[in-house]
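Step one of this worksheet: look at the structure below.
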Amino acid sequence: MAKIIIVDDLARYGFEEYERMLCQMPHFAKRGEEFRPYIEKLFKHGTILAIDEGGRLMGFMAFYANDQEGKVAYWSSLAVDPSLKGQGWGLRLLNCARAMSAEAGMKVARGTVVKTNAGPLAMYRWFGFEITESPTDPLRYNLEVKLTPPRLSIVCLAYNAAPYIRAAIDGFLMQKTNFPVEILVHDDASTDGTADIIREYAESYPGTVRAVLQKENQLSKGVMVSSEFLWPLIRGEYVAVCEGDDYWTDMHKLQKQVDWLDAHPESSICFHPVVVHFEDGSRKDSIYPSDKDCPGGYTFGELLRHNFIQTNSVVFRWKLNGREGDVPTDIAPRDWFTNLLHAEKGPIGFVPEAMGVYRRHPGGVWWNSADAPDAFYLRNGFRHLAFYKAVKNRFGYDNPCAVDLAANTIAAELRAGHVDRAVETLKAYPDYACKALGVIAERDRLERELARSRRRLKRVIWAAAIAVALVLLALFA
């Protein structure tokens, strides 16, 4: 797999490899004896970012960030192997250079491009460079771009996601945007090597991928890692979220959603459908949400009733900078509450394209919610009730689903022999629990009445059958 590294040893690839890369471009083809001192100069005064694939040089660029007085970085010599073109590697090099230049205190990046290089010109325009005529070289354009902070922050939580985390991060890195992006990845002391994979990406994409790695599991201590460790690091105006076991499939996803939010400044949330994929193949892939999932449309009122926004589909105009405590720590699901906070004012943006995959697998929270409901209620019922109560307090909506949830949670606790926890649920949520007990009593009454009706019906059917049999015997006797 190709990755970006910082090259600090000129001999790592050899002059021939750099010459092979640069001589793809016509204006480099005739450098001849000038080539070696040119490469030596790049290493002496600049930083070399290389695309490495199995020890082979597949692309590189150089940048200089030593103009401390003018705060200007100079970028040059960007080249990508033809086999990688069209995959976004040029933009990845530029994004790494942007992040590292900004970290060095630079405010502006400059460079030049030969006028006949149509591909790089289009990429520089997409990246946001201002392109002007060169006063000294009629064959070149001058390039200049401001090194602004990231406009969008990608937030990713991972735990024991080693089989999946590469697909997630690769989906982040493939995004083609005309604005800077940062990637924040948190690992909660995984035991399967997830942290090593995240660390590898952070080293390969310095300044772009920022790793937050725990030595002890924080969730088991009751710490909400997103608001505690990741949200305070967010620098972007916009925030995209994706769990470490999900991934994105459209390289223009972020650009499309940010374009929608830019066009609708009154709104703070935009989402899209996702493909729901069961890793064990037990069910066919499906699209969520579909039109039938939200007959009332994608509105705030509908979102109060049920969460139709899958986590890895959302981009927020972030409202929680410095207000991380607005999302209670004792509720589940917290992502639903975060969606509501951003959707309560303004329309909910919807891009009708499935641009991501939501994996269902045994390690996921919602994996057995239908097939093993008691296990789900024992693990999540109490905090889910806390969610409904928080929604009622914050938004004034009393979700009727809370009554069934209370009934099922108390019943699951009792079936598991957890009498104390059942009593705790009753005390913590007496309004839901008392209604739930009434529901259970009414349900039991109806079941008893139905059983009596079935018994009466059986007696009637048998009596009718006997009567018919007697008539038939009389006719044919």
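The values are calculated or read from the model by the stated rules, or taken from the named source; none is laboratory data. Everything numeric here is computed off the predicted structure, so don't read it as measured data. No Cβ is skipped: glycine too gets one built from the backbone with ideal geometry, and neighbour counts run over all protein chains shown.
Listing for the model above:
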quantity	calculated
Candidates P163, P180, filtered to the one that is farther than 22 Å from P232 by Cα and in the same structural domain as W318 (by TED's automatic domain parsing)	P163
Qualifying positions in the range 227-238 - surrounded by fewer than 21 Cβ atoms within 10 Å (Cβ to Cβ) and outside any loop (DSSP other than H, G, I, E, B)	S227, E228, F229, P232, L233
Output for the range 48-83, where each listed residue is over 19 Å from G119 (Cβ atoms), among the β-branched types (V, I, T) and surrounded by 19 or more Cβ atoms within 10 Å (Cβ to Cβ)	I48
Residue within the range 323-331 that is under 19 Å from the mean Cα position of the chain (by Cα) and under 20 Å from I234 (Cα atoms) present	yes
Subset of the range 133-157 [in a loop (DSSP other than H, G, I, E, B) and closer than 30 Å to S226 by Cα]	L147, T148, P149, P150, R151
Residue within the range 301-322 that is more than 27 Å from L385 (Cα to Cα) and out of contact with any Cys (no Cβ under 7 Å at 6 or more places or on another chain) present	yes
Index of the failed condition, Y298 passing every other in (1) in contact with a strand residue (DSSP E or B) (Cβ under 6 Å, 6 or more places away or on another chain); (2) surrounded by fewer than 13 Cβ atoms within 10 Å (Cβ to Cβ)	(2)
The lone exception for E69 - which of (1) free of Cβ contacts under 8 Å to residues at least 24 places away in the same chain; (2) part of a helix (DSSP H, G or I) it fails	(2)
Pairs where the first residue, in the range 275-293, is under 19 Å from C242 (Cβ atoms) and the second is among the small types (G, A, S), C-beta under 6 Å, 6+ apart	V275/A354; V276/S286; I287/A354
Failed item in (1) in a loop (DSSP other than H, G, I, E, B); (2) more than 25 Å from D52 (Cβ to Cβ), with Q175 passing the rest	(2)
Verdict on E200 being surrounded by fewer than 19 Cβ atoms within 10 Å (Cβ to Cβ), out of contact with any Phe, Trp or Tyr (no Cβ under 6 Å at 6 or more places or on another chain) and in a helix (DSSP H, G or I)	yes
Residue check, A97 crowded, with 23+ Cβ neighbours inside 10 Å, of a type outside the set (K, R), in contact (Cβ under 8 Å) with a residue 24 or more places away in the chain and over 20 Å from E203 (Cα atoms)	no
Test for R317: is it over 19 Å from the mean Cα position of the chain (by Cα) and among the charged types (D, E, K, R)	no
Residue selected from the range 133-178 under the condition among the hydroxyl-bearing types (S, T, Y) and surrounded by fewer than 17 Cβ atoms within 10 Å (Cβ to Cβ), by the criterion farthest from L93 (Cα to Cα)	T136
Condition check for K71: modelled with pLDDT of 90 or more and farther than 28 Å from L213 by Cβ	yes
Single condition M251 does not satisfy, out of (1) surrounded by fewer than 18 Cβ atoms within 10 Å (Cβ to Cβ); (2) over 30 Å from E130 (Cα atoms)	(2)
Selection status of N312, touching an Asp or Glu at 6+ places or on another chain (Cβ under 9 Å) and free of Cβ contacts under 8 Å to residues at least 40 places away in the same chain	no
Selection within the range 262-283 - at pLDDT 95 or above, loosely packed, with under 14 Cβ neighbours inside 10 Å and of a type in the set (G, A, S)	A263
Strands (runs of 3 or more DSSP E) contained entirely in the range 239-348, each with at least 1 residues that are among the hydrophobic types (A, V, I, L, M, F, W, C) and closer than 30 Å to W126 by Cα	269-271, 274-278, 315-317
Residue within the range 345-360 that is modelled with pLDDT under 90, surrounded by 15 or more Cβ atoms within 10 Å (Cβ to Cβ) and not hydrophobic (A, V, I, L, M, F, W, C) present	yes
Residue under evaluation V181, criteria (1) crowded, with 17+ Cβ neighbours inside 10 Å; (2) of a type outside the set (G, A, S); (3) over 30 Å from K115 (Cα atoms); (4) under 16 Å from the mean Cα position of the chain (by Cα), criterion not met	(3)
Residues (more than 33 Å from the chain's Cα centre (by Cα) and either closer than 23 Å to T47 by Cβ or assigned to a helix (DSSP H, G or I) (or both)) located in the range 103-117	G111, T112, V113, V114, N117
Any hit, the range 162-169, residues being touching a strand residue (DSSP E or B) at 6+ places or on another chain (Cβ under 8 Å), under 23 Å from A97 (Cβ atoms) and not aliphatic (A, V, I, L, M)	no
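Conditions (1) closer than 22 Å to T311 by Cα; (2) of a type in the set (S, T, N, Q), marked per residue:
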position: T194; (1), (2): yes, yes
position: E203; (1), (2): no, no
position: A211; (1), (2): yes, no
position: K221; (1), (2): no, no
position: F229; (1), (2): yes, no
position: P232; (1), (2): yes, no
